[in-house]
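Here the structure comes first, spelled out in structure tokens, and everything after it is commentary.
Nothing in this text is a laboratory measurement; each read-out follows from the coordinates by a stated rule. Owing to the predicted nature of the structure, the values given are computational and were not obtained by experimental measurement. Neighbour counts are summed over all protein chains in view; Cβ atoms, including those assigned to glycine, are modelled from backbone coordinates with ideal geometry.
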Amino acid sequence: MVMDYLWLLVTAGGAFALGAALAYAIMRQKPLPPAAKEAQKQKVRELYDRSPEGKSR
């Protein structure tokens with residue numbers, strides 16, 4: 001009987017720890033500065049403008 005509660009505690013504790021770690025990581029994530037965000041958008045546009053052969057469309 002005690003092992004059942006221990007198993008429940010370990011399983012629930014693991015799920016809680018994983019959720020807490022994900023929440024912590026999301027809260028610590030910093031947004032990109034506007035200049036970096038614009039540079040990223042430009043590079044993505046350049047990549048999508050190229051065809052698979054490496055030539056511009």
So the compactness index of the chain, its C-alpha Rg divided by 2.2 N^0.38 Å, takes the value 2.25
Spin-label point model (7 Å from Cα, Cβ direction): what's the R28 to A12 distance in nm? 2.7
In what sequence, highest mean first, do 26-37, 11-22 appear when ranked by Cβ atoms within 10 angstrom? 11-22, 26-37
For the range 2-49, what is the charge dipole size about the Cα centre, in debye to the nearest 20, if Lys and Arg each add +1 at the Cβ and Asp and Glu each add -1 at the Cβ? 300
Residue-averaged 222 nm ellipticity for the chain, from DSSP H runs of 4+ at -39500 (n - 2.57), nearest 500: -26000 deg cm²/dmol
Along the charge dipole of the range 2-49, pointing to its positive end and built from +1/-1 on Cβ of Lys, Arg, Asp and Glu, which listed residue (A17, M27, V44) has its Cα farthest out? V44
Counting Lys +1, Arg +1, Asp -1, Glu -1, what net charge surrounds E38 among other residues with beta carbon under 15 Å of its beta carbon? +3
Quick check: pseudo-label points 7 Å beyond the Cα along Cα→Cβ at A36 and R50, how many nm apart are they? 2.3
